[in-house]
1. Can you give me the % of accessible surface on the chain that is carbon or sulfur? Probe 1.4 Å, all protein chains present, nothing else counted.
2. Given a 1.4 Å probe, how much area per residue of the stretch 53-180 is accessible, in Å²?
3. Could you give the angle, 0 to 90 degrees to the nearest 10, between helix 92-107's Cα long axis and the longest principal axis of the Cα atoms of the chain?
4. Relative to the first principal axis of the alpha-carbon coordinates of the chain, what is the inclination of helix 112-135, with its axis defined by its Cα atoms, in degrees from 0 to 90 and to the nearest 10?
5. Using a Cα-Cα cut-off of under 23 Å, which lysines could be cross-linked to LYS21, ignoring same-chain neighbours fewer than 8 residues away?
6. Tell me the label-point distance for the pair SER188, LYS32, using the 7 Å Cα-to-Cβ offset, in nm and rounded to one decimal.
7. Could you tell me the calculated FRET efficiency between HIS144 and SER171, based on Cβ-Cβ distance and R0 = 30 angstrom, to the nearest 0.05?
8. Under 4 °C and 1.567 mPa s, how fast does the chain diffuse according to Stokes-Einstein, given a Kirkwood radius computed over C-alpha pairs? Answer in µm²/s, whole number.
Amino acid sequence: MDSLTNIILDPQYHDILAIVKGLRNGIVYGAKVRFPHAVVMTFLFKTGPLKDKLRFIFNATKQHAKNLGMFVTIYKTLLLVQKHMNGGKEQDIHSFFAGIVGGYYVFGTNNNINQQIVLYLFSRVLIGLAKAPVERKIIDAPQHTWPVFAALIWGVVMYQFRHERTVLQPSLQASMQYLYNDSNNWNSLRNFIWHNK
């Protein structure tokens, strides 16, 4: 065990072991994030046998964990390769290039898990792009922008739901159907208070 510890702590292996640990962290984080989400969404909104529900939870968790692990591995590997090709120095553009390659190969397949991850990142990237000029002292922080932003987002999504519903993701359509349309219908006290239908 001491020899393994010595290898793990040896600086000459650090960059390669950082890739291995990145793979591990991607898998663990993906599972930690997806598993509870899949459990809640499956038991709240899916119908069918328990075996099918458990299979869905397992497959969704596995895909999320695998994709994050693969992305971290590709990203960190490409950072290391570019650094070595550049005389041991990392440049700012290296992370962008590694992100593009990893994003294309890992998240380029259009499926529900990848859509959720990429759309999550998209919203965070837009917020980051909006904050960047303030952080760089290019402009002063605008005041009272959050209420306007929230109002516009809710106005657009409600318009889309009412008039262009098919452009919204199926899970968002289902949530909005439950909230705004299903609440218009009941024929007894039972499905007015306790059950939706």
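1. 65
2. That works out to 73 Å² for each residue.
3. 50
4. Tilt relative to the chain: about 70 degrees.
5. LYS32, LYS62, LYS66, LYS76, LYS83, LYS89
6. Using points 7 Å along Cα→Cβ, the separation is 4.6 nm.
7. Once the sixth-power term is evaluated, E becomes 0.40.
8. Numbers: Rh = 21.1 Å.
Once the numbers are plugged in, D ends up at 62 µm²/s.
The values are calculated or read from the model by the stated rules, or taken from the named source; none is laboratory data. The model shown is predicted, which means the values in this text are computed figures rather than measured ones. Cβ sites come from the backbone with ideal geometry, for glycine too, and all protein chains shown count toward neighbours. Side chains included, ligands, DNA and RNA excluded: accessible areas come from the protein's heavy atoms. Shrake-Rupley method; radii C 1.70, N 1.55, O 1.52, S 1.80 Å.
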